[in-house]
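This report refers to the structure that appears directly beneath it.
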């Protein structure tokens with residue numbers, strides 16, 4: 001239900017079922033301890049209340065008392081309906097050819113169901129708006145963070161989504177040469193962001209290559225979370241971004257970032273690791289580690305997917321750019 005032009009009002013959803021399977025390493029662990037360890041957003045006592053309320057099932061049977069688990073047990077938490085916050089629900093389409101749909105996503109709209117979002121997402125809005133579309137429902141090919149605005153590519157045909165997904169994992173931002181620039185990279189993704197002013201030792205137009213690895217580290221509310229890493233752990237992933245200082249301001253500096261890899265929260269982490277966190281980012285401060293009290297979906301920062309260039313299977317160059325780039329006023 002829309003409460004104001006372009007917005008979905010706060011409303012309860014229909015609930016969701018979260019499924020888990022017990023591994024050999026968790027065999028013998030009490031059910032409540034399993035949930036409290038695996039889903040750290042809730043303390044032990046809250047999981048006990050959910051168990052006693054009959055919200056948790058093991059191998060299809062409703063449980064109301066704690067019990068040890070066996071390897072292979074299938075668990076299902078039937079989360080009751082919850083209230084989802086208001087979100088922006090209007091966007092402009094930059095291209096719609098009956099297969100590809102490229103939109104300018106508003107800041108504040110989640111792309112896919114996750115965490116506290118189920119119905120108030122871009123995917124659900126597309127499913128409802130295109131339910132009767134003979135060509136099918138356009139589905140997002142990639143993710144943007146809830147508070148990241150700008151270019152989001154969707155496609156109706158599974159084959160199109162497959163090649164787009166592959167292309168969007170590629171970029172030559174880190175190795176681009178003059179010859180390659182003239183030919184055009186297979187995929188070039190450009191973002192713009194507002195960062196803490198004066199933190200970068202660059203002049204406008206100068207570039208900085210950021211190569212801090214990104215890996216999961218302990219977090220009190222989520223268990224583990226993506227943040228700046230040193231490459232010492234097996235799960236640490238290499239990541240490369242190319243940052244250009246565009247303009248300095250008193251309240252913020254404007255930067256452009258070309259990403260050569262697609263790690264979670266890469267731009268937020270890399271800018272923070274370079275000592276220039278995104279202005280207003282509650283999660284990633286200077287150094288690139290995650291704040292204990294914040295979550296990835298918390299807003300306050302300004303980040304825009306500004307331009308995208310890629311090559312179609314037939315060799316055609318495709319490019320899109322949002323009509324209005326993020327600037328020092330914060331408007332996007």
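No lab work stands behind these numbers, since they all come straight from the coordinates. Note that the structure is predicted; figures quoted are calculated from it, not measured. Counting neighbours? That spans all protein chains shown, and the Cβs are built from the backbone with ideal geometry, glycine included.
Restricting to bridges with both residues inside the chain, how much of the DSSP beta-bridge set is antiparallel, in percent to the nearest 5?
Given both bridge residues lie in the chain, the antiparallel proportion sits at roughly 95 percent.
May I ask you to derive the FRET efficiency for residue 166 and residue 137 from their Cβ-Cβ distance with R0 = 25 Å, giving the value to the nearest 0.05?
Once the sixth-power term is evaluated, E becomes 0.75.
Output the direction-averaged projected area (hull surface divided by four) of the convex hull of the alpha-carbon atoms of segment 88-168, in nm².
For segment 88-168, the mean projected area of the Cα convex hull comes to 5.1 nm².
Which ordering of 284, 191 is given by a fewest-first count of other beta-carbon atoms within 10 Å? Mind dumping the intermediate values first?
Numbers: 284 27, 191 24.
Final ranking by Cβ density, sparse to dense: 191, 284.
Which of rounded, prolate, oblate describes segment 12-84, given a ≥ b ≥ c as roots of the alpha-carbon gyration tensor eigenvalues and a/c under 1.5 marking rounded, otherwise prolate only if a/b is larger than b/c?
In terms of gyration-tensor shape, prolate.
Give me 82, 320, 91 sorted ascending by neighbouring Cβ count inside 10 Å, so fewest comes first.
82, 91, 320
Please order 121, 329 by the number of other Cβ within 10 Å, starting at the fewest.
Lowest count first: 329, 121.
Report the label-to-label distance for residue 21 and residue 317 in nanometres (one decimal), using points 7 Å from each Cα along the Cα→Cβ vector.
For residue 21 paired with residue 317, the spin-label model returns 4.7 nm.
Taking square-rooted eigenvalues a ≥ b ≥ c of the alpha carbon gyration tensor, is segment 184-332 rounded, prolate or oblate, where a/c under 1.5 means rounded and, failing that, a/b exceeding b/c means prolate?
oblate
Report, to two decimal places, the Cα Rg of the chain normalised by 2.2 N^0.38 Å (N = number of residues).
1.09
Need one number: nm distance between label points at residue 70 and residue 112, each 7 Å from Cα along Cα→Cβ, rounded to one decimal.
That separation, rounded to one decimal, is 3.4 nm.
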